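Asks: One structure, pasted below without further comment.
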Amino acid sequence: MESTYRTNGPAVKACFEPVREVLQASSAVIKSGRKEIAYGTVMSADGFIVTKASEIEDAADLSVIVAERTYKDPVVLGIDPAWDVALLKIQAEALVPVNLALDSPDPERGTWVVANGATSRTRRRPQVGIISATAREIAPAGGAVLGVTLEESDEQLRVSETHESSGAKEAGIEPGDIILAADGVEVTNRQALGEVIDKHRVGEMVHISLKRGDEKLELEVRLAGRVDLFGEEQSRNDQMSGRFSGRRSGFPRVIQHDIIANNAGMGGPLLDLDGRCLGMNIARANRCETFAIPAGDLQSLTDRLITQVTK
């Protein structure tokens, strides 16, 4: 076949030019210094952008490119841990937000989809694939955890270690604390505590009653994913998958497609051939699976985050 008609040939690329123009106008490139670390999805004309939170959380010197213009010092207004989504705000006017496909059911398997390619540069490059699975929940790998190491003795559950970056550490749980109850249920061993934790998703809050010396404390603790804190053993498939996302499980609901990507390619819109936004890419799971938050869930999530910071 002549090169012009191959997958990356000019004749094929020309077929997707209208969709590429949507990517150019309504997706963002997020950079840390000179390094591209994620994409973003433009949600409003005045500069609200959503992206994958875990790809930007420790980044410094952030900037955002929309169309061909660079916006310095974007503000991270809020994060939703359950979805791993961050809300950014840039000082902009007259941006072109994505056209969310809210009036359509979840895309069927085999539906053609388009996303930002492996390179952004100044000019977006479309990458094409298909929907490869039915929309579904992706359970947290390893489940949700408090983020503490516990010792059982004399029917007491004592904290021996509080792990960095955990909800327990954030809430103020300390070594030596004795956990008395979780969500109002008395706990005296790991099994009883685990039964309460297992009823929650990653990112949700659990109420912990504990004793510290002679003082009784009531704390709200955000649950972390086990693999987020302690890592995940790589399978053979993982070893062949390239740079998959550090957070790739624990999503309330996703649509799945087969567009080739890597962890830095998450956060941008997933479009149909008419340029409508079917969702936002949230995780490169392995070499043949990429997850996206469906359009309806993305709209609800964005509205909630904006309301929290503007009320």
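The values are calculated or read from the model by the stated rules, or taken from the named source; none is laboratory data. Only a predicted model underlies this, so the values are computations on that prediction, with no experimental measurement involved. Cβ coordinates were reconstructed from backbone atoms using ideal geometry, including for glycine residues, and neighbour counts include every protein chain displayed. All accessible areas refer to the heavy atoms of the entire protein, side chains included, with ligands and DNA or RNA removed. Shrake-Rupley method; radii C 1.70, N 1.55, O 1.52, S 1.80 Å.
Okay, residues lined up against (1) in contact (Cβ under 8 Å) with a residue 60 or more places away in the chain; (2) among the β-branched types (Val, Ile, Thr); (3) open to solvent by 60 Å² or more (accessible area, probe 1.4 Å):
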| site | (1), (2), (3) |
| --- | --- |
| 45 | no, no, no |
| 48 | yes, no, no |
| 61 | no, no, yes |
| 64 | no, yes, no |
| 96 | yes, yes, yes |
| 112 | yes, no, yes |
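Asks: Do you know which residues across the range 123-150 are open to solvent by 70 Å² or more (accessible area, probe 1.4 Å) and within 20 Å of the chain's Cα centre (by Cα)?
Replies: Answer for the range 123-150, where residues must be open to solvent by 70 Å² or more (accessible area, probe 1.4 Å) and within 20 Å of the chain's Cα centre (by Cα): 134, 136, 137.
Asks: Still on this structure: When you go through 72, 13 one by one, which is the residue that is in contact (Cβ under 8 Å) with a residue 60 or more places away in the chain, over 30 Å from residue 200 (Cα atoms) and among the charged types (D, E, K, R)?
Replies: On inspection, the qualifying residue turns out to be 13.
Asks: Further, regarding this structure: Would you mind telling me which numbered condition in (1) modelled with pLDDT of 95 or more; (2) open to solvent by less than 90 Å² (accessible area, probe 1.4 Å) residue 104 fails?
Replies: Single failed check for residue 104: (1).
Asks: Mind listing whichever residues of the range 66-78 are assigned to a loop (DSSP other than H, G, I, E, B) and surrounded by fewer than 21 Cβ atoms within 10 Å (Cβ to Cβ)?
Replies: 67, 68, 73
Asks: If you don't mind, there's one more thing I want to ask. Search the range 289-311 for residues that are touching a residue at least 12 places away in the same chain (Cβ under 8 Å) and pair each with any residue that is crowded, with 23+ Cβ neighbours inside 10 Å and among the hydroxyl-bearing types (Ser, Thr, Tyr) when their beta-carbon atoms are under 8 Å apart and the residues are at least 6 apart or on different chains.
Replies: Qualifying pairs under 8 Å: 298/41.
Asks: OK, next. From the list 209, 153, 165, pick out the single residue that is open to solvent by 10 Å² or more (accessible area, probe 1.4 Å) and modelled with pLDDT of 90 or more.
Replies: Step by step, each of 209, 153, 165 is checked, and only 209 is open to solvent by 10 Å² or more (accessible area, probe 1.4 Å) and modelled with pLDDT of 90 or more.
Asks: List every residue pair whose Cβ atoms sit under 7 Å apart, with the two residues 6 or more apart in sequence or on different chains, where the first one lies in the range 219-246 and is modelled with pLDDT of 60 or more and the second, anywhere, is buried (at least 19 other Cβ atoms within 10 Å of the Cβ) and basic (Lys, Arg).
Replies: Between residues of the range 219-246 that are modelled with pLDDT of 60 or more and residues that are buried (at least 19 other Cβ atoms within 10 Å of the Cβ) and basic (Lys, Arg), the close pairs are 228/247; 244/284; 245/284.
Asks: Check off (1) open to solvent by 40 Å² or more (accessible area, probe 1.4 Å); (2) over 23 Å from the mean Cα position of the chain (by Cα); (3) charged (D, E, K, R) for residue 20 and give me the number that stays unchecked.
Replies: (1)
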